[in-house]
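Engineer: Let me begin by handing over the structure; questions about it come next.
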Amino acid sequence: MNDEKTERERSYEYGLPEYLQHDLDAYKEGLKNGSTLMDCLWGELYGSINVAEINDEAITHEHAEYLRDKYLRG
């Protein structure tokens, strides 16, 4: 069961809407390179997750929470 959950969560970072994938990649790159714009990148990612979940219904609430927990609340 744990392997199934891990695999599902891993899949949550792929096949995203283009705008969300772009903002997620930019955020990861900012973390990696110690960007001074992390507050802006955080805001962009937060907004994209919300749009994908609420406006576009492109991701589920569970999917959105996974991304928020991993990248924004961590």
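Engineer: Which of the residues that make up segment 17-36 are assigned to a loop (DSSP other than H, G, I, E, B) and within 20 Å of Ile49 (Cα to Cα)?
Structural biologist: Answer for segment 17-36, where residues must be assigned to a loop (DSSP other than H, G, I, E, B) and within 20 Å of Ile49 (Cα to Cα): just Pro17.
Engineer: Report, by residue number, each residue of segment 57-74 that is surrounded by 13 or more Cβ atoms within 10 Å (Cβ to Cβ) and assigned to a loop (DSSP other than H, G, I, E, B).
Structural biologist: Of everything in segment 57-74, those that are surrounded by 13 or more Cβ atoms within 10 Å (Cβ to Cβ) and assigned to a loop (DSSP other than H, G, I, E, B) turn out to be Ala58, Ile59.
Yes/no matrix, rows are residues, columns are (1) in contact (Cβ under 8 Å) with a residue 24 or more places away in the chain; (2) of a type in the set (D, E, K, R):
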{"residue": "Trp42", "(1), (2)": "yes, no"}
{"residue": "Leu45", "(1), (2)": "yes, no"}
{"residue": "Glu53", "(1), (2)": "no, yes"}
{"residue": "Ala58", "(1), (2)": "yes, no"}
{"residue": "His61", "(1), (2)": "no, no"}
{"residue": "Leu67", "(1), (2)": "yes, no"}
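Engineer: Can you work out which of the residues in segment 1-55 that are among the aromatic types (Phe, Trp, Tyr) and either loosely packed, with under 13 Cβ neighbours inside 10 Å or over 16 Å from Glu65 (Cα atoms) (or both) is modelled with the lowest pLDDT?
Structural biologist: For segment 1-55, the residue satisfying everything is Tyr14.
Engineer: Taking Tyr14 as the residue in question, decide whether it is under 13 Å from the mean Cα position of the chain (by Cα), more than 19 Å from Arg73 (Cα to Cα) and in a helix (DSSP H, G or I).
Structural biologist: no
Engineer: Considering every residue within segment 35-52, establish whether at least one is more than 20 Å from Ser11 (Cα to Cα) and polar (S, T, N, Q).
Structural biologist: Within segment 35-52 (the criterion being more than 20 Å from Ser11 (Cα to Cα) and polar (S, T, N, Q)), the answer is yes, since at least one residue qualifies.
The values are calculated or read from the model by the stated rules, or taken from the named source; none is laboratory data. Values in this document were obtained by computation on a predicted structure and should not be read as measured data. Positions of Cβ are backbone-derived with ideal geometry, glycine not excepted, and every protein chain shown enters the neighbour counts.
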